[in-house]
Every structure is written in C-alpha cells, then in structure tokens.
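Novice: Please read through the structure below; I'll follow up with questions.
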Amino acid sequence: MKADVLLGLQWGDEGKGKIVDVLTSNYDIIARFQGGPNAGHTLEFDGIKHVLHTIPSGIFHKGVLNVIGNGVVIDPVIFEREINEIDELDIEMSKLLISKKAHLILPTHKLLDAASEKSKGKEKIGSTLKGIGPTYMDKTGRNGLRVGDISDPNFNEKYEKLKQKHIQILNFYDFDYKLEELEKAWFNSLECLKRFPHIESEHFIHKAIKDKKKILAEGAQGTLLDIDFGSYPFVTSSNTITAGACTGLGIAPNKIGEVIGIFKAYCTRVGSGPFPSELFDEVGEKLARTGNEFGSTTGRARRCGWIDLPALKYAININGVTQLNMMKADVLSGLKSIKVCTHYMLDGEKIDYLPFEDNENLTPVYTELKGWEKDIMQISSLEEAPQEVHDYISYLEKELEIPITLVSVGPDRTQTFFR
Ligand code: GDP
Ligand code: IMO
Ligand code: MG
C-alpha cells in the first residue's frame, strides 16, 4: 500500500481543505506534513463553513485518524482555539494524534517574525506573522522545542533558555513588545495540547502502510511558496512539495502513490512577490469579488490573475503530479474570454519556464479561449456545463499532459464533480 499526497500547485489557497474533506471517506488516515497556522483550509458542508489552521481536514469524518506530522510547526494557542471552535460546532471530532517531533512555535517566535518583517520595510515578505520562519530557523539551527519536550521535567528551563536567545535577537531590532500576557496564554494552552496522544508518528505511519491502511498526506501552502523551489525570498519556510511528505511524515519516496495537484482555474497570491500573470484591471477585480478572494488566515485581499501554464508545468514536474483537480471554475462564469499564460517574454526572448532572475522584466504571453455566460455554481452534473467549460478543461489537460480528475464549482462539499 502506498500513501497519496494532495497539495497546492500555485501560491496556496487553491482549495486543498475542501478536497481533503471530500476525499476523506476514501482514507483511513489524513496527515499534515508541513507548515503550521500560516495555513487556512476552508471546509463547507451542511451550511457550516469552517477554517482549519493546524488540524488536518479529515477531522469531521468519524472513524478516520488525523495526524499532525513531525514536519508541522504548532502554536499551542492557535491549536487550542481551533479545538474550541470545533467543540462549539457540536460535531463529533475524529481522532487526532500529534507527532512528538513536531516543533513548537513560541511567543517569541511570533515577535521575531514581526520584528523581521518590520525591519524589511517595503521588501517585506508579507508573512502571516505566525512565527513560521523563526520556528523553522530554530529547527534547522538545532535549537527548537518539540511536542515531545513538553513532558520533560526540564521543559521550563529549555523554554527559558530559548526565550533568552530570542530576547537577545529582539534587542537587535528596533521593536517594542510585551511578552508576559502572550507567555501566560501559551503555557495555559499547553494543557490542551496534552489532551491528545503524542506519538512517534513515523513508526505509526510505517505500521499503517504495512497494515495496508489508506493514507492521504495533506499539503499546506503551495509549490510556488516552497522554500527551495518557490519565488525566494517571497516564500514560506518549509518544503511544500511532495518531497515534504517524505521528510514531514517519514514516508519513503517509493511509498508515495497518487500525487493529487490542486489548482484554481485562475491564479491568486496573498503577500508580496512575483506574479507574472497578475491582473490590475476590472477582470482582476471581478475574480477577487466573485471568488471572495480574502485570506482565510489573515483576511488580506488576495491578488488575482490568469492561469499560468509555465508555472503549473513546473509545479507538476517538481511534485510528480499524477492527477489534477481544478478548483473555482464557477468564478470564471460571465467572462467573454479567458486568457491563459502560455509563455513569458524575457529581454526579447520567448521562454516557457520561471527564471531565477527577479521577473520585473518578465512579460506573460497569452492565448485566448472563449468564456461562458451561464453561472455553473448550481449545476448538478458536469454535463450541464456549457461547451466552453469542457473546452477549457480539455485545453488545459492537453497542455499539462495530466488528467483533470475533479472539477469544483463552489465551496460546498456537494459542488464537486469527478471525471
Ligand atoms: P486552501 O488553503 O487550499 O484550503 O484554500 P482556502 O480555504 O484558503 O481558500 C479557498 C477558498 O475558496 C475557500 O473560501 C473555499 O471555501 C473556497 N472554494 C473552494 N472551492 C471552491 C470552488 O470551487 N468555488 C468557489 N467559488 N469557492 C471555492
Ligand atoms: P494555505 O495552506 C496562501 C504566504 C504568506 C507570505 C508567505 C510567507 O492556506 O494555502 P509565512 O507566514 O509562511 O512566513 O508567509 O507565504 N502564505 C500563504 N499564502 N496560503 C497559505 O496557506 C499560506 N501560507 C503562507 O502570505 O506571502
Ligand atoms: Mg488557505
């Protein structure tokens, strides 16, 4: 038995949460492998809209096991809030297990994130300010605190030592802060984290694979935000790609099965950084409005643009995508024509890849397809969609050379069609 991976192919917010929720009934285990509360994964069903940040999106399916893997970074305060929000829904939560090796986001990590962004001025990354970068820095710097450390009798000492290190760095910045209240809340919230089993998640996963359990690894962020392959430095601090499921859960590369790549029928990006096919006109505004493009974590407006084939092909190659899922097709309804970026021009030369150089001089080259008038949000099967929708899907499949196995036409579980 092999583990499947589901991840974003663009700059995040492709609709991963919705599809993990839709697919969970086919799996025994849903496991997050990287990122932390910078993620906001939205699920909608039975009139309930819910946003998850740290907890895997299989949490509303009875009988399934949810795992927060070693590659994830956890803010106990946000985690507790998420648990409380689920409790309030009065829906039984499925089982949740947490890796002892997952790193903890300290209050000072968040302060460091904020201080670093402030010092960057106009060059800021547009971080969600959840402490992600500083926490992963401590992980690779071999200073971090992990979930398994909480039960160590010397935990408070370890915490204090790392905090003092952070305070020294904070002194370097011109940054005012108040720590006491944050710290108090943080220590209180550890009690919530203790309610859930802390496990050796890699052994758990190995046994599950051996026992032929079906596993879906849930990615956060998107390929173009990957620390190695994204538009550096405007990226997040983890490997968001398929390889991240290997390091973030302990799944061997030869145990990866299907790789489901999720993309929007157009493009969005929240935060700073290059976005070659970004729109600054009324079409971009329409996409933002119809698509309700506001960050699930920060509420910030998302930048919108046309679909970008060179970027998608790059993401498909890096991840070894075997199936594509196209999201938010409904948002394109009502457009006379739809543009698709097929190439870029760089210094007078036509290129079909994302170059290393900062792409201020990169101009997208578009082809145009016919749009459709009918609002497809209410259709009950894909057959009811206008011919132009099918033409758009066929065109993308031909260009990307990977089958589009699912099309989504609305935020609800039911607005999903398999092909
Ligand atoms: P994620 O981070 O990849 O899970 O995506 P987000 O939840 O941050 O953002 C996706 C947004 O689009 C959420 O508000 C979803 O409810 C919504 N959504 C998902 N699929 C569709 C769709 O097919 N059509 C529309 N209109 N909205 C969708
Ligand atoms: P999901 O899982 C969209 C972006 C931030 C910023 C950059 C770095 O919901 O798709 P960080 O907080 O990691 O230091 O921010 O990455 N970013 C996301 N954008 N969706 C996300 O997650 C994101 N997580 C981080 O906006 O540009
Ligand atoms: Mg999101």
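The values are calculated or read from the model by the stated rules, or taken from the named source; none is laboratory data. Keep in mind the model is a prediction, meaning the values are calculated, not measured. As a convention, Cβ positions derive from the backbone with ideal geometry for all residues, glycine included, and neighbour counts pool all protein chains shown. The protein model used for the area step is the full one, side chains on, heavy atoms only, and it has no ligands, DNA or RNA in it. Shrake-Rupley method; radii C 1.70, N 1.55, O 1.52, S 1.80 Å.
Novice: So is Lys110 farther than 26 Å from Phe204 by Cβ and open to solvent by 20 Å² or more (accessible area, probe 1.4 Å) or not?
Specialist: Yes.
Novice: Give me a count of the residues in the range 1-32 that are more than 17 Å from Thr247 (Cα to Cα), more than 12 Å from ligand 3 (Cβ to nearest atom) and either among the small types (Gly, Ala, Ser) or touching a Cys at 6+ places or on another chain (Cβ under 6 Å) (or both).
Specialist: Total meeting the criteria: 1.
Novice: Wholly within the range 308-419, which strands (runs of 3 or more DSSP E) include no fewer than the required count, namely at least 2 residues that are at pLDDT 95 or above?
Specialist: The strands (runs of 3 or more DSSP E) meeting that bar are 323-327, 337-346, 362-370, 404-408, 416-418.
Novice: Next question. Of these, Lys163, Lys158, Lys194, Lys178, which one is under 29 Å from the mean Cα position of the chain (by Cα), open to solvent by 70 Å² or more (accessible area, probe 1.4 Å) and of a type in the set (Lys, Arg)?
Specialist: Lys194
Novice: Residue pairs, Cβ under 6 Å, 6 or more apart or interchain, first in the range 5-27 and open to solvent by 10 Å² or more (accessible area, probe 1.4 Å), second of a type in the set (D, E, K, R). List them.
Specialist: Once the first residue is open to solvent by 10 Å² or more (accessible area, probe 1.4 Å) and sits in the range 5-27, its partners that are of a type in the set (D, E, K, R) give Trp11/Arg269; Val22/Arg413; Tyr27/Lys214.
Novice: May I pose another question? Looking at the structure I just gave you, is Lys286 of a type in the set (Lys, Arg), more than 16 Å from ligand 3 (Cβ to nearest atom) and either in contact with a Leu (Cβ under 6 Å, 6 or more places away or on another chain) or more than 30 Å from Asn26 (Cα to Cα) (or both)?
Specialist: Working: of a type in the set (Lys, Arg): yes; more than 16 Å from ligand 3 (Cβ to nearest atom): yes; either in contact with a Leu (Cβ under 6 Å, 6 or more places away or on another chain) or more than 30 Å from Asn26 (Cα to Cα) (or both): yes.
Against the criterion (of a type in the set (Lys, Arg), more than 16 Å from ligand 3 (Cβ to nearest atom) and either in contact with a Leu (Cβ under 6 Å, 6 or more places away or on another chain) or more than 30 Å from Asn26 (Cα to Cα) (or both)), Lys286 qualifies.
Novice: For the range 138-239, please list each of the helices (runs of 4 or more DSSP H) lying entirely inside it that holds at least 3 residues being within 27 Å of Val22 (Cα to Cα), away from ligand 2 (no atom under 16 Å from the Cβ) and in contact with a strand residue (DSSP E or B) (Cβ under 9 Å, 6 or more places away or on another chain).
Specialist: Fully inside the range 138-239 and qualifying: 201-210.
Novice: Residues being open to solvent by less than 40 Å² (accessible area, probe 1.4 Å) and either in contact (Cβ under 8 Å) with a residue 40 or more places away in the chain or in contact with a Cys (Cβ under 6 Å, 6 or more places away or on another chain) (or both): count how many of those fall in the range 113-124.
Specialist: 3
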